[in-house]
Amino acid sequence: MATRSAKIDQKADLIWAIADKLTGVYKPHEYGDVILPLTVIRRFDCILSDTKDAVLQKYEEVKNLPMKDVLLRKAAGYDFYNTSKYTFERLMDDPDHIEENFRNYLNGFSANVQDILEKFKFDGHITTMANKGILYIVLKEYTINQQKDDIMRDIYLEHPDVVCVSCYIWNLSFVKELMADLIKILPGADFWAGGPEVSYDAEKFLTENSEFKGVMVGEGEETFKELAGYYVEKNPQDLKNMTGICYRDGDQIIHNGWRQIMDLSSIPFIYKDLSEFKNRIIYYESSRGCPFSCSYCLSSIDKKLRFRDTETVKKELQFFIDNKVPQVKFVDRTFNCKHDHAMAIWKYINEHDNGVTNFHFEISADLLREEELQEMSTMRPGLIQLEIGVQSTNPDTIKAIHRTMDFEKLKGIVDRIHSFGNIHQHLDLIAGLPYEDYDSFRHSFNDVYALKPQQLQLGFLKVLKGSHMMEMCREYGIVYKTQEPYEVLSTKWLDYDHVLKLKTVENMVEVYYNSGQFQNTLEYLEKFFPDAFSIYERLGSFYMEKGYGDISHTRMRRYEILLEFLEDMPEISMDQVKDQMVYDLYLRENLKSRPGFARDQKPFERQVWDFRKREKVAKNAHVEVFADGTVLLFNYADRDPLTNNAHVTDVTKDVFENLNRD
């Protein structure tokens, strides 16, 4: 009975922890709209964990077979399964793309689970939590909070003399809570912190968190090795002989200064055994530091740019290639800042492509040379993806943040890469930067939107500890949140009212643009608005006026709301809009039930049936007759590797002109 009571208490603690994270975003009576579906999803996740890898392996074998559902259920050991590479734990590996990856995870569930989730009308909450910056935090509560007692137990049972933990913008609060409890059951242990969230105000951190013995400041590899030597071998014999630490000595807090930066090639390769990283994103570092001095970024503080030996990098990448790792994400701040280094790596992965592994790079597009572009043009679709930080196209803003960018050159290169048709491009903008008011941001948005990236991320300035931007807060009138992630609330140029409007625009961009589900519809609508920004601005206002912003919506409901929004625009042909929507819908999937606004297909049933029979069209393909008489075949067995859209063929003549061919 006591055990059962303890479990009930643990679940209650989790629910209250989640509710705490929802405060300010949701009203108390709305908490259940988030907590209930997430609890159900997490339960499915736990049940399927033991057979997850077996299901993924089986999926690769049978994904194109008509009987795949039966085979995947058998592999899972249940009447449901999930074919996404993600689990709740694996979602935590990539906080920068949490919404995109979480949607990928949900879409991986079998149809019967998807039907359950559809009833929760949870889709809108995903967007809301992402836009409010709490999606990662809430999912992490389900991942970590359920395990908090397990973590404490596991650490306790090791009877450690010292516990060291890395602190980041996404885990600092959790670390503080965990260590505050751990010291109660491990009073004789020393607790050390490290990482960017504690390095730049180490004395303040130790003053406010008495359970910690010290902080490793700056780069931690060599400092951690020496600290381990101090505890294991008493070498060094005294903490005062170590650089790179700030520590507590009685009532005093002593800072020994930062350690000299290290040779990047001397860091050991840690991925010797990939069994614990199967189907997870691998993070890899081939350079450290940044040649630029962007005032909002911590990388600008590290003035010395260092590279790992290129031949060593090739050997390590070959290990990933041989093991067919799904994705390797380079964490280099500007991967292509050194041409020879970048070119050698791009050439190597192109020549040794295994047909599976994807490599993600953060680059400065205006630095790319012709040789690099030529190499990219020959790559397999999906071999690499590029993240390009534009941040703003306002020259005064670019100058103020100490950024170097030739936007006209960048524009030409992004267009050039887009023409290759083989590389996913993710472009970033940051709202809340100096000299960027609402109208200026509109202009920046339109400039970047015109480049048609696969993803357009609207981020909001985060005032990070140690950054130059923090030093300039008073001059720029920057007000930001006290709690991490320290997001901007207002500036001298952008008041909170406009921040809220931009949040709504961000929400609409995520739902309608970045989802990739409305691509052709949006392209059709662009000519009816003054600029691209206005589409999302007005649509966001419509959501708020109708009260739709606080309600979760299914994917189909998003289409219906868009139609409702357009009804007051007589210059727009609703029939053409509906056809574009149907086209977008079937690009993504073969719908189980047709939307109410779709054109009736009954008059064409005979012609379509004869065509399907004559051409032996696969059962899971779809044929649609549009208002202008065009007939399109959607082939879901042949998808675009970048967009995942079905291959589309115009079969108008085959359907209507060759009926008597047999």
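Would you call Ala621 open to solvent by less than 40 Å² (accessible area, probe 1.4 Å) and either over 27 Å from Ser573 (Cα atoms) or at pLDDT 95 or above (or both)?
Considered against the rule, which asks whether it is open to solvent by less than 40 Å² (accessible area, probe 1.4 Å) and either over 27 Å from Ser573 (Cα atoms) or at pLDDT 95 or above (or both), Ala621 comes out as yes.
Evaluate the following for Ser364: is it within 26 Å of Thr643 (Cα to Cα), crowded, with 18+ Cβ neighbours inside 10 Å and small (Gly, Ala, Ser)?
Yes.
Looking for whichever is surrounded by fewer than 19 Cβ atoms within 10 Å (Cβ to Cβ), within 29 Å of Ser266 (Cα to Cα) and of a type outside the set (Lys, Arg) here; the options are Asp201, Asp181, Asp190. Which one fits?
Asp201
So if I check each of Leu591, Leu585, which one is open to solvent by less than 30 Å² (accessible area, probe 1.4 Å) and not in a helix (DSSP H, G or I)?
Leu591
Could you please find all residues in the range 384-435 being touching a residue at least 12 places away in the same chain (Cβ under 8 Å), of a type in the set (Asp, Glu) and more than 19 Å from Leu502 (Cβ to Cβ)?
Selection gives Glu387, Asp406, Asp415.
Among residues belonging to the range 407-464 that are among the basic types (Lys, Arg) and over 22 Å from Asp96 (Cα atoms), point out the one that is least open to solvent (accessible area, probe 1.4 Å).
The extreme case among them is Arg442.
Of all residues in the range 308-336, which are of a type outside the set (A, V, I, L, M), buried (at least 20 other Cβ atoms within 10 Å of the Cβ) and over 25 Å from the mean Cα position of the chain (by Cα)?
Arg308, the sole residue that qualifies.
For the subset of the range 542-555 comprising residues that are open to solvent by less than 50 Å² (accessible area, probe 1.4 Å) and over 23 Å from the mean Cα position of the chain (by Cα), which member is modelled with the lowest pLDDT?
Filtering first and then ranking leaves Tyr548.
Could you grab the pairs with beta carbons closer than 8 Å, sequence gap of 6+ or different chains, first residue in the range 326-343 and within 12 Å of Gly289 (Cα to Cα) and among the aromatic types (Phe, Trp, Tyr), second one in a loop (DSSP other than H, G, I, E, B) and open to solvent by less than 20 Å² (accessible area, probe 1.4 Å)?
Taking only residues 6 or more apart or on different chains, the pairs are Phe335/Ser286.
Checking Val215 against (1) buried (at least 19 other Cβ atoms within 10 Å of the Cβ); (2) farther than 19 Å from His255 by Cα, which single condition isn't satisfied?
The failed condition is (2).
Quick check, is Lys68 under 24 Å from Glu506 (Cβ atoms) and open to solvent by 40 Å² or more (accessible area, probe 1.4 Å)?
So Lys68 fails the test.
Just one of the numbered conditions (1) at pLDDT below 95; (2) closer than 25 Å to Leu522 by Cβ; (3) part of a helix (DSSP H, G or I) is not true of Lys578; which one?
So Lys578 meets the others, but not (1).
Residues in the range 584-627 that are acidic (Asp, Glu) and either without any contact (Cβ under 8 Å) to a residue 24 or more places away in the chain or within 21 Å of Met67 (Cα to Cα) (or both): how many?
Residues flagged as acidic (Asp, Glu) and either without any contact (Cβ under 8 Å) to a residue 24 or more places away in the chain or within 21 Å of Met67 (Cα to Cα) (or both) within the range 584-627 amount to 3.
Considering every residue within the range 83-90, establish whether at least one is open to solvent by 10 Å² or more (accessible area, probe 1.4 Å), closer than 13 Å to Pro37 by Cβ and outside any helix (DSSP H, G or I).
no
In the set Thr643, Thr630, which member is in contact with a Gly (Cβ under 9 Å, 6 or more places away or on another chain) and surrounded by fewer than 18 Cβ atoms within 10 Å (Cβ to Cβ)?
Of the residues listed, the single one that is in contact with a Gly (Cβ under 9 Å, 6 or more places away or on another chain) and surrounded by fewer than 18 Cβ atoms within 10 Å (Cβ to Cβ) is Thr643.
Say whether the condition of being of a type in the set (Asp, Glu), free of Cβ contacts under 8 Å to residues at least 40 places away in the same chain, under 24 Å from Glu537 (Cβ atoms) and surrounded by fewer than 17 Cβ atoms within 10 Å (Cβ to Cβ) is met by at least one residue in the range 466-476.
The answer is no, given that none of the residues of the range 466-476 is of a type in the set (Asp, Glu), free of Cβ contacts under 8 Å to residues at least 40 places away in the same chain, under 24 Å from Glu537 (Cβ atoms) and surrounded by fewer than 17 Cβ atoms within 10 Å (Cβ to Cβ).
State which residue is farthest from Val625 (Cα to Cα) when the search covers only the range 533-575 and only residues that are part of a loop (DSSP other than H, G, I, E, B) and without any contact (Cβ under 8 Å) to a residue 24 or more places away in the chain.
Only one residue tops the list, namely Gly547.
Going through Tyr512, Tyr496 one at a time, which residue ends up being under 26 Å from the mean Cα position of the chain (by Cα), closer than 30 Å to Phe102 by Cα and open to solvent by 20 Å² or more (accessible area, probe 1.4 Å)?
One residue alone meets the criteria, Tyr496.
Report, by residue number, each residue of the range 248-280 that is basic (Lys, Arg) and either in contact (Cβ under 8 Å) with a residue 60 or more places away in the chain or in contact with a Lys or Arg (Cβ under 9 Å, 6 or more places away or on another chain) (or both).
Answer for the range 248-280, where residues must be basic (Lys, Arg) and either in contact (Cβ under 8 Å) with a residue 60 or more places away in the chain or in contact with a Lys or Arg (Cβ under 9 Å, 6 or more places away or on another chain) (or both): Arg248, Lys278, Arg280.
With the checklist (1) in contact (Cβ under 8 Å) with a residue 60 or more places away in the chain; (2) within 35 Å of the chain's Cα centre (by Cα) in hand, flag the one item Gly195 doesn't pass.
(1)
Do we find a residue being in a helix (DSSP H, G or I), touching a Gly at 6+ places or on another chain (Cβ under 9 Å) and over 23 Å from Asn635 (Cα atoms) anywhere in the range 511-531?
yes
The values are calculated or read from the model by the stated rules, or taken from the named source; none is laboratory data. Given the structure is predicted, the values throughout are model-derived calculations rather than measurements. Note that each Cβ is placed from the backbone with ideal geometry, even for glycine, and that neighbours are counted across all protein chains shown. Heavy atoms of the whole protein, side chains included, go into the accessibility calculation; ligands, DNA and RNA do not. Shrake-Rupley method; radii C 1.70, N 1.55, O 1.52, S 1.80 Å.
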